[in-house]
Amino acid sequence: MAVLVGKKAPKFKAPAVINGNEIVQDFSLDQYLGKKYVVFFFYPADFTFVCPTEILAFQEKIREFEVRNTVVVGCSTDSEFSHWKWLQTDVKDGGIKGVKFPLVADLAKTIAENYDVLAGTYDYNEEGEAVFHGTPQAYRGLFLIDREGIVRHQVVNDMPLGRSVEETLRMVDALQYFEEHGEVCPADWHKGQKALKATQEGIKEFLANKMN
């Protein structure tokens with residue numbers, strides 16, 4: 001599994017559904033460079049079980065991301081037409097109607113491959129034919145990308161394991177706090193709590209206050 005933290009987020013242009021009902025052909029994260037933080041997450045497939053719980057949870061908290069100058073973008077190896085149909089389907093019928101953030105279509109699986117979250121690999125058989133080994137879907141990868149296009153945080157879960165939207169918000173807060181104040185965020189830090197200076201004196205002071 002590739003570690004992309006500290007590196008430029010892989011670029012792409014791909015079809016996507018935006019605003020819950022509009023298909024665009026050349027969606028790219030480049031539109032946010034210099035302007036927005038990006039939470040870019042992969043999920044295995046449309047019309048499944050864990051995936052809608054995550055997508056709807058992100059939508060429920062979308063205002064929390066917006067006030068942090070952060071956009072949320074989802075991606076799977078389904079087509080834009082599958083995304084669109086799922087977005088038109090009521091929640092009570094297994095759909096995700098009401099979700100407004102972009103869903104990217106990675107039917108060619110190149111985006112998942114470049115982010116190294118594709119659950120399988122391409123190979124050749126004895127006849128020289130291209131074959132795919134594994135599940136042609138994405139693991140539950142999530143990447144926090146700063147305004148310069150650099151990946152600052154990533155987490156990758158296996159398909160049965162849903163992610164925490166609250167933890168994603170915590171990571172956004174931690175990154176933005178560090179950028180603004182230059183102080184680092186210790187274990188289980190949350191917005192409003194004290195951080196610490198990255199010095200020996202800073203850690204001693206922090207631990208002393210924690211123990212008191």
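Nothing in this text is a laboratory measurement; each read-out follows from the coordinates by a stated rule. Computed from a predicted structure; not experimentally measured. Neighbour counts are summed over all protein chains in view; Cβ atoms, including those assigned to glycine, are modelled from backbone coordinates with ideal geometry.
In a fully extended conformation the segment linking K13 and A57 would gain 13.2 nm over its present Cα-Cα distance, using 0.36 nm per residue. In this simple spin-label approximation, E127 and Q31 carry label points 7 Å from Cα along the Cα→Cβ vector, and these lie 4.3 nm apart. For Cα extents along the principal axes in Å, the value computed from the atomic coordinates appears in the list (1) 52, 36, 30; (2) 64, 44, 32; (3) 65, 37, 33 under label (2). Inter-part distance, region 80-143 to region 160-174, computed on C-alpha centroids, equals 21 Å. One chain, two ends: V24 and F81. Fully extended at 0.36 nm per residue, the span grows by 19.4 nm beyond their Cα-Cα distance. Placing a pseudo-label 7 Å from each Cα along the Cα-to-Cβ vector at L161 and A187 gives an inter-label distance of 1.9 nm.
What size of dipole, in debye to the nearest 20, comes out for the chain about its Cα centre when the only charges are +1 on Lys and Arg C-beta atoms and -1 on Asp and Glu C-beta atoms? So the dipole magnitude of the chain works out to roughly 860 debye. Note on the chain: dipole from Cβ charges, positive end direction compared against F81, N209, P160; the farthest Cα belongs to N209. For region 14-161, the antiparallel share of DSSP beta bridges with both residues in that region comes to about 70%.
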